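Encoded as structure tokens, the structure appears first; notes follow it.
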Amino acid sequence: MLGHHVASLPSTPMSRRRLLRSLGVTAGGALLGSLGLPARGYAAKKELRYLNNEPAPTTIAFLKDMVAEYEAASGIKIQLETIPVTETWTKVTTAIKAGKPYDFITFGEITQPLLLARDGLLTPVTTIIQEVGVDDFGPRSLDWYQGELWMYPYDYNFNYLFYRKDWFAQKKLHVPTNWNGFLQMLEALNDPANKHYAITLPVSGEPTNWGNTAFLWAAGVQIYDDQWNVVLDAPEMKPRVVRTLEYLTQVTQYTPPGLLEVGLKDMLSNFTSSLSGITSYTGRLIHLIEDRAPELADKYATMPSPAPDGGRGAVTFANDGFSIGKTDNTEDALKFLRWFIKNDKLTEFQLTLPLHYQPPQFSTYKNPRWRSHPLVEKHWAAMEVMLDFMNTDKTLIGSIQLQGPGPSPNQGRIWTSQVLPRMYVNVLTKTMSPSDAVDAAAKEIRGFTEKV
């Protein structure tokens with residue numbers, strides 16, 4: 001009976017659709033499948049939406065080749081979209097509101113994924129990380145929330161200070177170990193008459209959360225206690241915050257003009273153009289030196305931010321990683337991540353910017369493919385310092401995402417609200433005294449903190 005109707009399918013599309021409906025078949029693919037014929041050509045190809053926020057041309061070129069390889073192997077098309085990292089949160093939340101969430105997302109820190117996890121909008125990647133081995137991941141690189149891991153980290157993304165060794169040599173300077181020494185160093189380096197400024201730092205906007213909070217952590221500042229009570233303005237804590245704000249006011253005397261507008265690009269370009277002798281960044285700056293200022297390749301070094309009175313220096317971080325959206329394509333996105341990890345595509349990805357993507361996994365440093373990369377070998381002295389940052393006996397690792405008794409959406413609210421940069425700006429523009437700025441920030445944080 002069915003074969004008879006197929007043999008006499010009408011020629012027009014409208015007539016064919018009417019016949020299919022009369023047979024109780026809603027799609028041509030279902031009819032062909034019932035006949036034992038391949039339906040793949042008639043069904044829409046499955047597609048994953050991949051939001052990438054790593055804009056380096058080498059990374060994008062690799063990703064394009066990689067998704068094409070995966071499509072050939074799996075039959076699943078991956079729609080790759082690249083944006084600046086600072087637009088990630090807006091892009092992700094807008095897509096969710098529009099009913100078109102991303103399946104695979106690159107995040108620039110863990111606090112944003114935890115906000116989504118709280119609302120049931122992500123799928124955990126715990127099993128995949130356990131398959132790799134939890135012990136392979138370095139300190140502070142994994143964040144457990146609700147008994148699960150919500151991001152597979154690929155880059156520690158430490159933020160530390162770069163300085164010009166040749167400038168130090170000319171002034172017979174040494175790496176300072178406390179705040180007084182740091183200020184003396186800045187004064188010696190600063191030469192506005194010749195357009196040489198001591199330091200470039202962000203103080204406003206999202207880059208500040210990552211690029212200029214190390215002084216707070218070095219001073220022992222904490223935002224929460226172990227019960228999620230805000231202690232920023234508590235009697236034992238507020239003096240530390242005030243001291244840091246007063247210190248920051250002194251530091252910013254030695255920055256180029258346009259302090260309130262400093263962004264990620266300025267942190268990079270001011271250093272490579274020799275406008276400033278110190279900046280805060282991560283290994284991406286080394287790649288920029290290689291590309292735009294190769295004469296500086298042997299003239300830079302790195303250091304942590306010093307503590308007020310000596311002791312462990314501090315670095316901050318906001319580890320980058322991959323998260324899986326809770327969508328109709330969740331299982332396929334998890335399969336893609338497994339393929340990516342098991343086929344060593346992660347190492348290939350990291351090698352597109354090997355000095356920027358600092359691997360959180362110990363095994364990577366033993367991987368011959370990674371270790372033998374020419375840039376890794378050339379800049380191994382810098383890499384050894386980065387490795388020391390993983391040693392918490394030597395370096396204090398501080399971050400917004402480490403505030404409180406454990407990972408929580410509260411940290412994401414601190415990040416996205418930009419309450420700490422606003423505290424800085426209130427003091428630097430003399431809108432508020434340091435004491436009043438601390439009180440205002442603490443009040444704002446109390447307003448959005450949930451006891452979890």
Exercise. If a residue has to be more than 20 Å from the chain's Cα centre (by Cα), of a type in the set (A, V, I, L, M, F, W, C) and more than 30 Å from residue 186 (Cα to Cα) to count, how many in the stretch 135-170 make the cut?
Worked result: 0
For this session: Return the only residue of 269, 280, 276 being touching a helix residue (DSSP H, G or I) at 6+ places or on another chain (Cβ under 6 Å) and farther than 20 Å from residue 400 by Cβ.
Result: 276
For this session: Given the conditions (1) open to solvent by 20 Å² or more (accessible area, probe 1.4 Å); (2) more than 17 Å from residue 386 (Cβ to Cβ); (3) among the polar types (S, T, N, Q), report the number of the one that residue 323 does not fulfil.
Result: (1)
Exercise. Taking the stretch 408-439 as the region of interest, how many residues are over 24 Å from the mean Cα position of the chain (by Cα) and over 17 Å from residue 224 (Cβ atoms)?
Worked result: 12
Exercise. Residues in the stretch 185-197: is at least one of a type in the set (A, V, I, L, M) and closer than 25 Å to residue 52 by Cα?
Worked result: no
For this session: For the stretch 139-168, enumerate the residues that are open to solvent by 40 Å² or more (accessible area, probe 1.4 Å), at pLDDT 95 or above and within 23 Å of residue 307 (Cα to Cα).
Result: 165
Exercise. When you scan the stretch 81-121, how many residues do you find that are open to solvent by less than 50 Å² (accessible area, probe 1.4 Å) and not aromatic (Phe, Trp, Tyr)?
Worked result: 21
For this session: Mind checking which helices (runs of 4 or more DSSP H) fall wholly inside the stretch 1-115 and carry at least 3 residues that are at pLDDT below 50 and of a type outside the set (A, V, I, L, M, F, W, C)?
Result: 2-7, 13-22, 28-34
Seminar exercise, completed: Of the residues in the stretch 176-194, those that are open to solvent by less than 20 Å² (accessible area, probe 1.4 Å) and either on the phi > 0 side of the Ramachandran plot or aliphatic (A, V, I, L, M) (or both) come to 185, 186, 189
Seminar exercise, completed: Of those in the stretch 361-402 that are open to solvent by 50 Å² or more (accessible area, probe 1.4 Å) and touching an Asp or Glu at 6+ places or on another chain (Cβ under 6 Å), the residue nearest to residue 219 (Cα to Cα) is 394
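The values are calculated or read from the model by the stated rules, or taken from the named source; none is laboratory data. As the structure is a computational prediction, the values presented were derived from the model and not from experiment. Note that we place each Cβ from the backbone using ideal geometry, even for glycine, and neighbour counts take in every protein chain shown. The accessibility values were calculated without ligands, DNA or RNA, using every heavy atom of the protein model including side chains. Shrake-Rupley method; radii C 1.70, N 1.55, O 1.52, S 1.80 Å.
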